[in-house]
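Worksheet: one structure, shown below.
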Amino acid sequence: GLCVRSGLSIRVQWCLRHRVSSLVLRLSVCPWTRVLIYLSVPGCRYVSKTATQPVSEFEYDAPSMKTPVPGPRSKELTRQLGEIQVDVRLIPRYNGGALITQPPQSSQLVPQSSQLVPQSSQLVPQLNEPQRNVGRGALMLVVELRWVVELSGGSWSSQVGRGWVVELSGGSWSSQVGRGALRLVVELSGGSWSSQVDRGALRWIVELSGGSWSSQVDRGALRWLVELSGGSWSSQVGRGALSFSRAIKIASRLTPSPPPISLPPPLFISQNVGAINFFCNYEESRGNYLVDADGNRMLDLYTQISSVPIGYNHPALMKAIANPNNLSAFVNRPALGILPPENFPEKLIESLLSIAPTGMTRVQTMACGSCSNENAFKAMFIWYKIKERGTNSPSAEEISSCMINQGPGCPDLSILSFMGGFHGRTLGCLATTHSKVIHKLDIPSFDWPIAPFPKLQYPLEQFVRENAQEEARCLEEVEDLIVKWRQKGKPVAGIVIEPIQAEGGDNHASPDFFLKLRNIARKHGCAFHVDEVQTGGGTTGKFWAHEHWGSDDPADIVSFSKKMLTGGYYHKDELQPDKGYRIFNTWMGDPSKNLLLSEVLNIIRTENLLAEVTRSGKALLQGLYELQGQYPHLLSRARGQGTFCAIDARDEATRDALLLKTRDKGVLLGGCGEKSIRFRPALIFKEYHAHQFLNIFNDVLGACK
């Protein structure tokens, strides 16, 4: 490259990609502007000819991949987070003889052949000193044993002794056992485990289900069962029955990798790591680029499940945190419901109330999306009963019956939701969530009505009549359900819906559908709750997705979280509870998040980011249209508003493969629904980033068969 320091810098970059090449000329004429001129050759169809973008001083230029994702450090951290230190307490029975005061040799407790067990000094038990004044038959020894099982780079010896049975189903036995169910049974009957075990029957079972047996167990349930019955554990333990079992779940990856770099000792904290993709280095992440623990830099179009508003480590937010005037808000987290800070009303006006939806005059802060919706449901129930009760106070029967979860104090009210919707994982929210089985399985729920959500056909302009009929069918079903549940004695107090069903597959409906649904709610006396947890905050090109409906009275309640950095819900005056503590918890939100939200809103306004979202979203969606036209066997149904876009893959397996391959190329995407890919970039995502992604995605699709 050539760099002239007199205010004009020129860098010429020759980009070679699979079936794509282009000459990129970058001209930086001032610190704030970069002009990108792409002199493209045929085949480079997804790179804009010219583009102008403000230079983000804190952001990287492009993805940079050093290792496969997840890399060795991320794998090791995942293993540490999910590892459990298993301390098994073996309590032998004493039936006379001399006391053991010295630990036995390891050969007394393990097979003589080192090939039959993992080589680890941690298999040797440590014996405590015997308790004094312990009579015959009393518990005498406590053996604390930590089992560490590893199989790395080799296999259990083929020279297994008598009584060993190895079963392998669904996989292959090699130096690393393939994806099968491994069942290892060790039985010793009528013989001796070592010279110290006399006439005992030893049964050792190791079972691995649903995972892979390798140097690290991958998402499997490992179950150990050791039984010693009818014999002796050593010459000093007679006629004792020894049994212990422990369920262990260790999560990691099977993919072979270079040796992990040096890390601190394992923390041994038990945590479910089954959903972890990889660990991140947030200190090094910048703007639209997320850096992982192995130094890979990825263009992030998923942004922590759509919750990062203006990118990573934005200077405005870093400055707000460093401001001494804000330190108290970050250090002291008050119980807002009873002891709010003196400047709390002022900060609400600056932040949340400055962007209140049309017709909303009140806001109730909360911590997350689930608790926002859960308490919004409670507000609708309270409103419904107050409206029904009129000026009367609750009856004595209502007051007494509510304490034992009975009516009339706990009324049999319901909330109507839609198939494919997602509103959270708390108990009430889960009753209105219908997107994935994993969210709901084994959890009790309520008998509340579930209406169908329109299934539109694409492209929309070719199916106008069919889609209108589909929406009419769904609206008719809504009214039928409201009437049916009223007749069942479970009247519908509220209707909850997302402007775009996000988790359920990015399902859209027309503004006309939502306006008619709003009228149905009003007609039947139901509160209308619009869940903007994922769609709110500007990602559709308007601050609230329901603004696309063009209504002056869009809802009675609007809930929010994610890109808003805090949770809560807006509501009309009539949904204000009649007494304190009816909508309540300890924190009721977090004032420090309101400070950060104020800075986010300033950036959105000063940099006109909603217009930027509209422009970059148009480039992204247009590119998706072209890609689905070029790869119709892989992609279909491109759709979106702003950068809130999605596209369907051929099937779930194809979708998952595309997500992984694109990640390996340096772009992080998310899935939703049965087979959809969803795009949730930050508001600072620009046309340049859209073309950067589209080029990479084009390469990935071109390599697929």
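The values are calculated or read from the model by the stated rules, or taken from the named source; none is laboratory data. Here the structure is a predicted model, which means the values were calculated and not measured. Neighbour counts are summed over all protein chains in view; Cβ atoms, including those assigned to glycine, are modelled from backbone coordinates with ideal geometry. Heavy atoms of the whole protein, side chains included, go into the accessibility calculation; ligands, DNA and RNA do not. Shrake-Rupley method; radii C 1.70, N 1.55, O 1.52, S 1.80 Å.
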Gained length - Lys436 relative to Arg362, 0.36 nm times residue gap less alpha-carbon distance: 23.3 nm
message: Filter Lys66/Lys675; Lys562/Lys675; Lys516/Lys593 down to the pairs with a C-alpha to C-alpha distance above 27 Å, please.
response: Lys66/Lys675; Lys516/Lys593
task: In Å and from the alpha-carbon atoms only, list the Rg and Dmax of the stretch 438-493.
output: 15.4, 43
statement: Spelling it out for Ala638: with amide H atoms placed in the peptide plane at 1.01 Å from N, the residues 5 or more places away or on another chain with amide H under 5 Å from its amide H are Asp648
query: How big is the accessible area of Ser393 in square angstrom, nearest 10, if you roll a 1.4 angstrom probe over the protein chains?
result: 90 Å²
statement: If the label point sits 7 Å along Cα→Cβ of Ser328, residues of the stretch 576-591 with amide N under 18 Å come out as 590-591
- request: Rounded to whole Å and sorted largest first, list the principal axis extents of the Cα atoms in the stretch 462-595.
  value: 49, 40, 27
message: Taking 0.36 nm per residue of sequence separation and subtracting the Cα-Cα distance, how much length would be gained by fully extending the chain between Ala611 and Leu515, in nm to one decimal?
response: 32.0 nm
- prompt: For Asn602 and Phe58, FRET efficiency with R0 = 22 Å and r from the beta-carbon atoms, rounded to 0.05?
  reply: 0.85
statement: Here the tail fraction of P(r) beyond 25 Å, over all Cα-Cα pairs of the stretch 533-671, rounds in percent to 46 percent
Efficiency of FRET between Glu342 and Met318 - r from beta-carbon atoms, R0 25 angstrom, step 0.05: 0.45
- prompt: Taking all protein chains as present, what is the carbon and sulfur share of the accessible area of the stretch 507-601, in % to the nearest whole number, probe 1.4 Å?
  reply: 48 percent
Pairwise label distance in nanometres, Ala703 with Lys618, each label 7 Å out on the Cα-Cβ vector: 3.3 nm
message: Cut-off under 17 Å on the C-alpha distance; same-chain residues fewer than 8 positions from Lys387 excluded. Which lysines are left, in chain and number order?
response: Lys378, Lys490, Lys523, Lys572, Lys579
message: In whole Hz and in residue order, list the ³J(HN,Hα) couplings for the stretch 342-349 that follow from phi through the Karplus curve 6.51 cos²θ - 1.76 cosθ + 1.60, θ = phi - 60°; x for Gly and Pro.
response: 5, 9, 4, x, 5, 5, 5, 5
query: For the pair Asp553 and Arg465, how long in nm is the line joining their label points, each one 7 Å along Cα→Cβ?
result: 3.5 nm
Mean Cβ neighbour count within 10 Å, used as a protection proxy, ranking 398-410, 628-640, 560-572 highest first: 560-572, 628-640, 398-410
- line: Karplus-derived 3J(HN,Hα) from phi for the stretch 384-391 (6.51 cos²θ - 1.76 cosθ + 1.60, θ = phi - 60°), whole Hz, x at Gly and Pro, runs 4, 6, 5, 5, 5, 7, x, 7
- request: Give the accessible surface of the stretch 305-352 per residue, rounded to a whole number of Å², with probe radius 1.4 Å and ligands, DNA and RNA excluded.
  value: 58 Å²
